[in-house]
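First up is the structure itself, then whatever we jot down about it.
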Amino acid sequence: MDTGESLAAWLRLTLIPGVGGKTQRKLLNAFGLPEAIFAADRAAIVGVVGDKAASLLLAADNRAGVERALAWSAAPDHELLTLADREYPQALLQITDPPTLLYVRGRIDLLNQPALAIVGSRNPTPQGVNNAERFAAALAEAGLTIASGLALGIDAAAHRGALRASASTVAFIGTGIDRLYPAANQQLALDIAARGTVVSEFPLGAPPAAANFPRRNRLIAGFSRGTLVIEATVDSGSLITARLAAEQGREVFAIPGSIHSPHSRGCHKLIREGAKLVETVQDVLDELTWPLLTATTSASPDDPAPQGSGLLPSMGFDPCSLDELVERSGLTADVVSVMLLHLELDGQVATLPGGRYQRICQA
């Protein structure tokens, strides 16, 4: 992480209106670090980016914005990461237009952990929300960081599910990091900042402009090994994320649904175009050649059924509560919850109203 005058120069470069990422990278490729750019003479800069960009670069006075960003970064768990920092997400260096600077709040260690994106409709069905939370929790328990965009609906459900697990979650946002959006997800954003990571490439105070969200989507796709779409209409922004993931050589996954539901048509379109059809968490893990971790899903090192089937004898076939299962099995509530999650995703247990569970498999 850069400090002092060097970081101020990075901020000065990125806060010039009209000088975008492509121009910034041209300048960095030509001159090296930002200090060298601002030390160069006008003729040299014109030779790299032309007269208009050179005029913008040399005339801009953004000292107030630089000072504001430096003050923001001085707070606990606030970081500014540049392309030159080793903590910068290495996966984003592989995309064609990596952000020159990132505003980060929370755990920077998650930025270089294996990740999977989960995205989908802002107006999902209850089943879609349930799928997002449970897939996110199980995949995070398997050691994958869950990435999404903090939007209403599937994004928020994926973040909530991942927060229940050990690997946690990263939220890429389409506003300045000091303007958490939408308002309905502000508490969720604070929870993510406390236990996961919130990331923005936009300057402090940037509003939720429509053009920001496709840019955010490219970061979600580029940061992740694959993108799982859970419910999407054919014009959903989630399909943009999926397309960007495919273009960047990442895997694309989709959960199918009813042929009568508009929420399924986007996923069905992706499957027709080559996305992997997903029915279980293991479908995703197998495609990624990622092993399912067993430490939190086994009752003991000798448990031969790490995905939860060892809990079935304690269930019987009558509906029972989580507390009853904890008492019968002798396991902790956390372990039983994870086992129930895997059993439900595998179609062996059903969730009933009132927080009760019922075994639906015979063997």
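The values are calculated or read from the model by the stated rules, or taken from the named source; none is laboratory data. As the structure is a prediction and not an experimental result, all values here were calculated from the model. Reconstructed Cβ throughout: ideal geometry from the backbone, glycine too, with neighbour counts over all protein chains shown. Just so you know, the surface numbers come from the protein's heavy atoms only, side chains and all, with ligands and any DNA or RNA stripped out. Shrake-Rupley method; radii C 1.70, N 1.55, O 1.52, S 1.80 Å.
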Q: Report yes if ASP77 is out of contact with any Phe, Trp or Tyr (no Cβ under 9 Å at 6 or more places or on another chain) and over 19 Å from LEU190 (Cβ atoms), otherwise no.
A: no
Q: Just one of (1) farther than 29 Å from ALA232 by Cα; (2) in contact with a helix residue (DSSP H, G or I) (Cβ under 7 Å, 6 or more places away or on another chain); (3) in contact (Cβ under 8 Å) with a residue 24 or more places away in the chain trips up ALA54, so point out which.
A: (3)
Q: Please enumerate the residues belonging to region 165-200 that are touching a residue at least 40 places away in the same chain (Cβ under 8 Å) and charged (D, E, K, R).
A: ASP178, ARG195
(Q) Quick test of your reading of the structure: ALA75 fulfils all but one of (1) in contact (Cβ under 8 Å) with a residue 12 or more places away in the chain; (2) under 21 Å from ALA193 (Cβ atoms). Name the failing condition by number. (A) (1)
(Q) I need the full set of residues from region 241-253 which are among the aliphatic types (A, V, I, L, M) and surrounded by fewer than 19 Cβ atoms within 10 Å (Cβ to Cβ), in order please. (A) ALA246
Q. Which members of region 63-103 meet the condition of being aromatic (Phe, Trp, Tyr) and either touching a Lys or Arg at 6+ places or on another chain (Cβ under 9 Å) or open to solvent by 30 Å² or more (accessible area, probe 1.4 Å) (or both)?
A. TRP72
(Q) Among the listed residues ALA147, ALA157, identify the single one that is small (Gly, Ala, Ser), at pLDDT 95 or above, assigned to a helix (DSSP H, G or I) and under 22 Å from VAL252 (Cβ atoms). (A) ALA157
Q.
I need a count of the residues in region 164-190 that are under 14 Å from the mean Cα position of the chain (by Cα) and at pLDDT 95 or above.
A. 8
Q) Out of all the residues in region 124-131, is one or more under 23 Å from ILE230 (Cα atoms), β-branched (Val, Ile, Thr), in contact (Cβ under 8 Å) with a residue 60 or more places away in the chain and not in a helix (DSSP H, G or I)? A) yes
Q. Out of curiosity, is PRO256 crowded, with 17+ Cβ neighbours inside 10 Å, of a type outside the set (A, V, I, L, M, F, W, C) and either within 23 Å of ASN112 (Cα to Cα) or touching a helix residue (DSSP H, G or I) at 6+ places or on another chain (Cβ under 9 Å) (or both)?
A. no
Q: Could you grab me the full set of residues in region 267-289 that are open to solvent by 30 Å² or more (accessible area, probe 1.4 Å), under 28 Å from ARG359 (Cα atoms) and modelled with pLDDT under 95?
A: GLU279, THR280, GLN282, ASP283, ASP286
Q. In the set ALA53, ALA30, ALA36, ALA40, which member is farther than 18 Å from SER200 by Cβ, more than 35 Å from the chain's Cα centre (by Cα) and open to solvent by less than 70 Å² (accessible area, probe 1.4 Å)?
A. ALA40
Q | Checklist (1) open to solvent by 10 Å² or more (accessible area, probe 1.4 Å); (2) in a helix (DSSP H, G or I) applied to PHE135, failing item | A | (1)
